[in-house]
Amino acid sequence: MTGEGAPSLPLTALADWRLPGRGAAAVELAGHHRVRGLQFDLGGPGRGPWLDAHGHLARLARAARAAEVEPLAVAGNVLNDIGLTAPEGTLVAGRVRGVLARLLDAAAQLGAPLVFVPSFRRSAIDGEAALHRTAEVLRAAAGQAELRGIRLASENTLAPGAARWLAEQVASPAFRLLLDTGNPRAAGVDPVELVAAVGPHLADQIHVKDGLAGTDAAPLLGDGDAAVGDTLDAVRRHGPPVRALVLENDHRGGDGHRLAADLERLRALAERLRRPRTSTAETTNTARTTETAGTWAS
């Protein structure tokens, strides 16, 4: 703590799947830009080499220690290509369980405190049945995460009431919701209302990106219409102390000057989170009044 009531400065971090190189190459790039945290993707078909290929995790852990870069999380983006909501007893459901086990194993070997599971494309929560199945799958995975001392998070675009329902149904101290500053707004969800509703359930790592509605543009932080600052102000009021802000703008093109400029803006947002927290007594009342027409609708 920097003083009474003053939060610590969150780490500024990168996501390796949004960089020109993954794994050790991402660690090297992070060190070059004085970034002290990284999230890694598990990989898979069409997504790069498997992170847990023989001997790779040990080499990556050594590289991260040497560069003083902290492994923050392991992402299961391949689940978007498989289908988290596949019915129990199917071959696809078996593949999902296998990927979840590999995610937890990889995080444990890297010393990363968080694993997160995205719900997009084939894993999208597009109805009440999908919401219930997602809760069932994540409940089982959260139990395994808890045994390992790891947090398991869901990244989704659910409306506030549905997101809160998911967290309450998983009902595990190891479970969290991973906030992305861009995805909810792109899905028609107000991220400030979302944070007010689910603040206590949020993970302490946040994906930070910007965008322009109706376009594929990839503006620097603050140049789009995602209202990133407003969302982070809501986190400061309603959410947990933030451990890391993870830049998720697309920097796969390799423009180092553009990445450096985005990181400077990310560091300014981290400083914004150091402002003294206001009272969160209103969180519960706000959360209970931020409902949706249906439990899953976004």
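Over segment 1-160, what relative contact order in percent results from Cα pairs under 8 Å that are six or more residues apart?
Working: 252 pairs, mean separation 30.7, N = 160.
That works out to 19 percent.
What is the dipole size for segment 1-89, taken about its Cα centre, with +1 at each Lys and Arg Cβ and -1 at each Asp and Glu Cβ, in debye to the nearest 20? If you can, show how the numbers build up before the last one.
Values: 8 positive and 9 negative charges, 67 e Å.
So the magnitude is around 320 debye.
Can you sort 33, 201 by solvent-accessible area, 1.4 Å probe, largest first?
Working: 33 25, 201 55 Å².
The ranking, largest first, comes out as 201, 33.
Have a look at the DSSP beta bridges in the chain and tell me what percent are antiparallel, nearest 5. Intermediate values should be presented prior to the final figure.
Numbers: 1 of 30 bridges.
Roughly 5 percent of the DSSP beta bridges within the chain come out antiparallel.
When the Cα centres of segment 239-267 and segment 17-82 are compared, how far apart do they sit, in Å?
If we compute the Cα centre of each part, the gap is 16 Å.
Helix hunt in the chain: which complete DSSP H runs extend at least 18 Å axially by C-alpha with mean Kyte-Doolittle at least 0.0? Please report the intermediate quantities before stating the final value.
Working: long enough: 91-110 (29 Å, 0.97); 128-148 (30 Å, -0.17); 256-272 (24 Å, -0.57).
Those that clear 18 Å and a mean of 0.0 are 91-110.
Using label points projected 7 Å from each Cα along Cα→Cβ, tell me how many nm separate residue 24 and residue 274, to one decimal.
3.5 nm
Give a residue-ordered list of calculated ³J(HN,Hα) values for segment 201-217 (Karplus: 6.51 cos²θ - 1.76 cosθ + 1.60, θ = phi - 60°; whole Hz; x for Gly, Pro).
Taking θ as phi minus 60°, the curve returns 9, 6, 5, 8, 10, 10, 7, 10, 8, 10, x, 10, 3, x, 9, 9, 4 Hz for segment 201-217.
Which of 245, 14, 51 moves most in a GNM of the chain, Cα contacts under 10 Å?
51
Karplus couplings for segment 180-189 from phi (6.51 cos²θ - 1.76 cosθ + 1.60, θ = phi - 60°), rounded to Hz, Gly and Pro as x?
10, 6, x, 4, x, 4, 5, 9, x, 9
How much of the accessible area of the chain, probe 1.4 Å, is carbon plus sulfur, in whole percent?
Numbers: 6610 of 12740 Å².
Exposed carbon and sulfur together represent 52 percent of the surface.
May I ask you to give the solvent-accessible area per residue for segment 78-137, in square angstrom, as obtained with a 1.4 angstrom probe? Present the calculation step by step, with values, prior to reporting the outcome.
Working: 2480 Å² over 60 residues.
About 41 Å² of surface per residue is accessible.
Residue separation times 0.36 nm, minus the C-alpha to C-alpha distance between residue 81 and residue 258: what's the value? Please list the in-between numbers first.
Working: separation 177, 0.36 × 177 = 63.72 nm, distance 2.99 nm.
Between residue 81 and residue 258, full extension yields an extra 60.7 nm.
So what is the calculated 222 nm ellipticity per residue for the chain, using -39500 (n - 2.57) for each DSSP H run with n of 4 or more, over all residues, to the nearest 500 deg cm²/dmol? Before the final figure, lay out each step's value.
Details: 10 runs with 120 residues, N = 298.
Per the formula, -12500 deg cm²/dmol.
The values are calculated or read from the model by the stated rules, or taken from the named source; none is laboratory data. Quick caveat, the model's predicted, so the values are computed rather than measured. Cβ sites come from the backbone with ideal geometry, for glycine too, and all protein chains shown count toward neighbours. Heavy atoms of the whole protein, side chains included, go into the accessibility calculation; ligands, DNA and RNA do not. Shrake-Rupley method; radii C 1.70, N 1.55, O 1.52, S 1.80 Å.
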